[in-house]
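A short write-up of the structure that comes next.
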Amino acid sequence: MKNDTEIIKGFVIRASRNIMTVRIDTDDGQQELECRIKGKVLKDSINLYNPIAPGDWVVAEREKNSASAMILSVEKRRNLFSRFNQKGAASQLLAANVDLALCICTPASPPFRPRFLDRVLLQADIAGIPSLVICNKVDIEYDDIDVDERLEEYSRIGYKVLYISAKTGEGLEELRREITGKICVLAGQSGVGKSSIINALQPGLDIREGELNEKYDRGVHTTTMSIMFELNDGTKLIDTPGVRRFIPDGIDSSEVILHMREFAPLAGKCSFGLSCSHRTERGCKIMEAVHAGVIHEDRYESLLRICDDLEGKGSDD
Ligand SMILES: Nc1nc2c(ncn2[C@@H]2O[C@H](COP(=O)(O)OP(=O)(O)OP(=O)(O)O)[C@@H](O)[C@H]2O)c(=O)[nH]1
Ligand SMILES: [Mg+2]
Ligand SMILES: [Zn+2]
């Protein structure tokens, strides 16, 4: 190593597939470095769509005082929020070392999609990250009673549900109380207002927000990579790119019920144990619970579609 090269440790705040922004502490405060990966590939990240996510700590080398550096390795993670990227057929890392997942939906514009929410909640559970359900855009008029019923169902199975509007500010103080001091990831389909919520919590950040695609009434994927923003009180929020489909990452179909909270206590209790597909088998405790109203039919439908996806038989929700 040349004399003027130094080894530094930094915190990743922005990450695309091959270029990252890393924050380091210096004698004069904080500095942001533009980083690439040394040798192009990191150890242990061969089957990943992108090797590093905001929230990661990395070791890098740079020429002293340079504004760029080369990443040598990633520190061990406490947890990792990812999704399966179907196009790349690999895990896409969205956020690392997270305290709380903010799982965002809307009652309308884009239309309420509880099955998308189920997938995000599932992924948070797989990662071992606590989650909060957020219904944004409550300022919009909607007459779909299913929305209220389904959101109450999330409360019934034990999730905290917040009703907010990034536009009017309703519910934002309650949200602030839940997130203060934490590293949070915001996840949800494109257009639900992930970036808008961060903008509303911290006016002045001016993160780009998108219009809704008029024809399809869905988001236009305005945010294209995960980026961490910091509120004045130090709370960290990781904005993630909205996607149309969310395929859970890191599990087999037989394990899904272990990560859906009202299903988990029944895991292994079917006559065919963990190999039950919960579709046709006699003595299936999951199907019995659906008939008895203990498990909501929609959540059961989610389970089946997620399993189809994981078995490569999926189609659009
Ligand atoms: N009426 C209303 N509109 C909102 C609210 N929050 C966000 N919007 C609008 O919804 C649209 C999409 O918001 P974004 O913040 O870009 O959504 P996103 O989830 O970041 O979308 P992607 O980056 O594509 O994943 C924008 O036109 C926002 O102005 C809200 O509380 N009420
Ligand atoms: Mg966005
Ligand atoms: Zn079963």
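The values are calculated or read from the model by the stated rules, or taken from the named source; none is laboratory data. Since the structure is predicted, the reported quantities are computational estimates derived from the model, not experimental observations. Counting neighbours? That spans all protein chains shown, and the Cβs are built from the backbone with ideal geometry, glycine included.
Taking region 129-143 as the range and being free of Cβ contacts under 8 Å to residues at least 40 places away in the same chain, more than 20 Å from Thr168 (Cβ to Cβ) and part of a loop (DSSP other than H, G, I, E, B) as the test, only Pro130 passes. With respect to (1) modelled with pLDDT under 95; (2) away from ligand 1 (no atom under 16 Å from the Cβ); (3) surrounded by 21 or more Cβ atoms within 10 Å (Cβ to Cβ), the lone exception for Gln92 is condition (2).
Just name the residue that is farthest from ligand 2 (Cβ to nearest atom) out of those in region 221-232 that are modelled with pLDDT under 80 and closer than 24 Å to Val133 by Cβ. Can you show your working first?
Our first condition is that a residue be modelled with pLDDT under 80; within region 221-232, this holds for 221-224.
Now restrict to residues that are closer than 24 Å to Val133 by Cβ: 221-223.
Working: His221: 8, Thr222: 5, Thr223: 3 Å.
By that ranking, first place goes to His221.
Every residue, every condition in (1) within 29 Å of Glu152 (Cβ to Cβ); (2) in contact with a Phe, Trp or Tyr (Cβ under 8 Å, 6 or more places away or on another chain); (3) at pLDDT below 90; (4) not assigned by TED's automatic domain parsing to the domain that holds Ala96, yes or no:
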position: Ile197; (1), (2), (3), (4): yes, no, no, no
position: Asp206; (1), (2), (3), (4): no, no, yes, no
position: Leu274; (1), (2), (3), (4): no, no, no, yes
position: Ile286; (1), (2), (3), (4): yes, yes, no, yes
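Under the condition of being among the acidic types (Asp, Glu) and surrounded by 12 or more Cβ atoms within 10 Å (Cβ to Cβ), the residues counted in region 150-173 number 2.
Can Ile126 be described as in a helix (DSSP H, G or I), closer than 30 Å to Tyr300 by Cβ and of a type outside the set (Ser, Thr, Tyr)? Before the answer, list the steps.
On the way: in a helix (DSSP H, G or I): yes; closer than 30 Å to Tyr300 by Cβ: yes; of a type outside the set (Ser, Thr, Tyr): yes.
Against the criterion (in a helix (DSSP H, G or I), closer than 30 Å to Tyr300 by Cβ and of a type outside the set (Ser, Thr, Tyr)), Ile126 qualifies.
Number of residues in region 283-316 that are part of a helix (DSSP H, G or I), small (Gly, Ala, Ser) and farther than 21 Å from Val243 by Cα: the value is 1.
What strands (runs of 3 or more DSSP E) lie completely within region 1-42 and have 2 or more residues being closer than 25 Å to Val98 by Cβ and of a type in the set (Lys, Arg)?
Hits in region 1-42: 5-15.
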